[in-house]
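See below for the structure under consideration.
The values are calculated or read from the model by the stated rules, or taken from the named source; none is laboratory data. Keep in mind it's a predicted model, so treat the numbers as computed, not measured. Cβ placement follows ideal geometry from the backbone for every residue including glycine, while neighbour counts extend to all protein chains displayed. Areas reflect the complete protein model, heavy atoms only, side chains present, ligands, DNA and RNA absent. Shrake-Rupley method; radii C 1.70, N 1.55, O 1.52, S 1.80 Å.
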Amino acid sequence: AACLVLAVTTAIGWQQEWPLQWQSDYVTAIGEQVPLGMDDGSQVTLNTDSAMAVDYSESERRVRLLKGEAWFDVATDTDRPFIVETGAGAVRVTGTQFNVHVQDGNAIVSLDEGRVELSLTDALTGPVALIPGQQSVLSGSAISAPTDFDRTAVTAWMRGQFVFYDAPLSEVVATLNRYRPGRIVIANDDLNALKVSGIFSTNDPDAALDVITGTLPVRQTRLTDYLVLLR
């Protein structure tokens, strides 16, 4: 029964992903990371399970992060701003380094170097500027106030690591699911808020799961290699 449910879910998921892949110029598979050199000299690293479209013109450099996460190292060009579009809003720069993570309909923007302006499609909402070391969340209807962020944790994926500091188990599982085929499901809502701290390898998310379930009051049941229940 579990295998049948998984097969149906996978088929539906593939059908839902097909339009997104059709729109994309670059797509990464589960566990895959791809460095991309843009025509203007900018460098983009696309993280696991991500999709991006590119639309450069004479007046601007525009990319659309349709899904997932990417690190941008943008070549300076004052005549052609670099714009990252997401479903939740846009990031505008001329030259800088920053991370964008699209998650649950939001876009988390973390600025490492330079300056960026965040904006919504609603023209009534003015742009929000970030300075290095600041992070903000685009939600589609609002832009959160800038806050400081942990660069080590945000950029850990570029070093092949997960870094968690008192992260809720629900967030940790969502992250692990981006790096492994199949699904980890928390079957008991009471477990969602359990805190996880540690550094793990993105190359072996199952090993991370084993450590976590061996440390927390959580049991894992593997119905198949692709479906794991946490209780």
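Look at region 60-100 and say how many of its residues are part of a strand (DSSP E or B) and open to solvent by less than 30 Å² (accessible area, probe 1.4 Å).
18
Considering THR152, THR125, THR121, which residue is open to solvent by 20 Å² or more (accessible area, probe 1.4 Å), β-branched (Val, Ile, Thr) and either under 17 Å from ASP49 (Cβ atoms) or in a helix (DSSP H, G or I) (or both)?
Values: THR125 fails: either under 17 Å from ASP49 (Cβ atoms) or in a helix (DSSP H, G or I) (or both); THR121 fails: either under 17 Å from ASP49 (Cβ atoms) or in a helix (DSSP H, G or I) (or both).
Residue meeting the stated conditions: THR152.
Is it fair to say ALA193 is open to solvent by 10 Å² or more (accessible area, probe 1.4 Å), closer than 17 Å to VAL218 by Cβ and more than 18 Å from the chain's Cα centre (by Cα)?
Working: open to solvent by 10 Å² or more (accessible area, probe 1.4 Å): yes; closer than 17 Å to VAL218 by Cβ: yes; more than 18 Å from the chain's Cα centre (by Cα): yes.
Criteria met by ALA193.
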Inset, instruction - Sort out which residues of region 174-190 are open to solvent by less than 60 Å² (accessible area, probe 1.4 Å), hydrophobic (A, V, I, L, M, F, W, C) and either in contact with a Phe, Trp or Tyr (Cβ under 9 Å, 6 or more places away or on another chain) or under 11 Å from VAL228 (Cα atoms) (or both), and write them in order of number. - result: LEU176, ILE184, VAL185, ILE186
Legend entry - Identity of the residue in region 128-148, of a type outside the set (A, V, I, L, M) and closer than 21 Å to GLY95 by Cα, that ends up surrounded by the most Cβ atoms within 10 Å (Cβ to Cβ): SER136
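For (1) farther than 20 Å from VAL163 by Cα; (2) out of contact with any helix residue (DSSP H, G or I) (no Cβ under 7 Å at 6 or more places or on another chain), each residue gets a yes or a no:
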{"residue": "THR175", "(1), (2)": "no, yes"}
{"residue": "ILE184", "(1), (2)": "no, no"}
{"residue": "LEU194", "(1), (2)": "no, no"}
{"residue": "PHE200", "(1), (2)": "no, no"}
{"residue": "ALA208", "(1), (2)": "no, no"}
{"residue": "THR215", "(1), (2)": "no, yes"}
{"residue": "THR224", "(1), (2)": "yes, no"}
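Among the residues of region 180-231, which ones are basic (Lys, Arg) and under 18 Å from SER170 (Cβ atoms)? Break it down stepwise before answering.
First, the residues of region 180-231 that are basic (Lys, Arg): 180, 183, 195, 219, 222, 231.
If the condition is that a residue be basic (Lys, Arg) and under 18 Å from SER170 (Cβ atoms), then ARG180, ARG183, LYS195, ARG219, ARG231 are the ones that fit.
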Inset, instruction - Would you check if there is a residue in region 98-108 being farther than 19 Å from VAL154 by Cα, modelled with pLDDT of 95 or more and either over 14 Å from the mean Cα position of the chain (by Cα) or hydrophobic (A, V, I, L, M, F, W, C) (or both)? - result: no
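So which of SER170, SER141, SER201 ends up being hydroxyl-bearing (Ser, Thr, Tyr) and over 23 Å from VAL228 (Cα atoms)? Before the answer, list the steps.
Working: SER170 fails: over 23 Å from VAL228 (Cα atoms); SER201 fails: over 23 Å from VAL228 (Cα atoms).
Of the residues listed, the single one that is hydroxyl-bearing (Ser, Thr, Tyr) and over 23 Å from VAL228 (Cα atoms) is SER141.
Within the bounds of region 29-43, is there any residue that is open to solvent by less than 60 Å² (accessible area, probe 1.4 Å), within 29 Å of ARG183 (Cα to Cα) and modelled with pLDDT of 95 or more? Please lay out each step first, then the result.
First, pick out the residues of region 29-43 that are open to solvent by less than 60 Å² (accessible area, probe 1.4 Å): 29, 31, 34, 36-38, 40-42.
Restricting the remaining residues to those that are within 29 Å of ARG183 (Cα to Cα) gives 29, 31, 34, 36.
Still in the list and also modelled with pLDDT of 95 or more: 34, 36.
Yes: region 29-43 contains one or more residues that are open to solvent by less than 60 Å² (accessible area, probe 1.4 Å), within 29 Å of ARG183 (Cα to Cα) and modelled with pLDDT of 95 or more.
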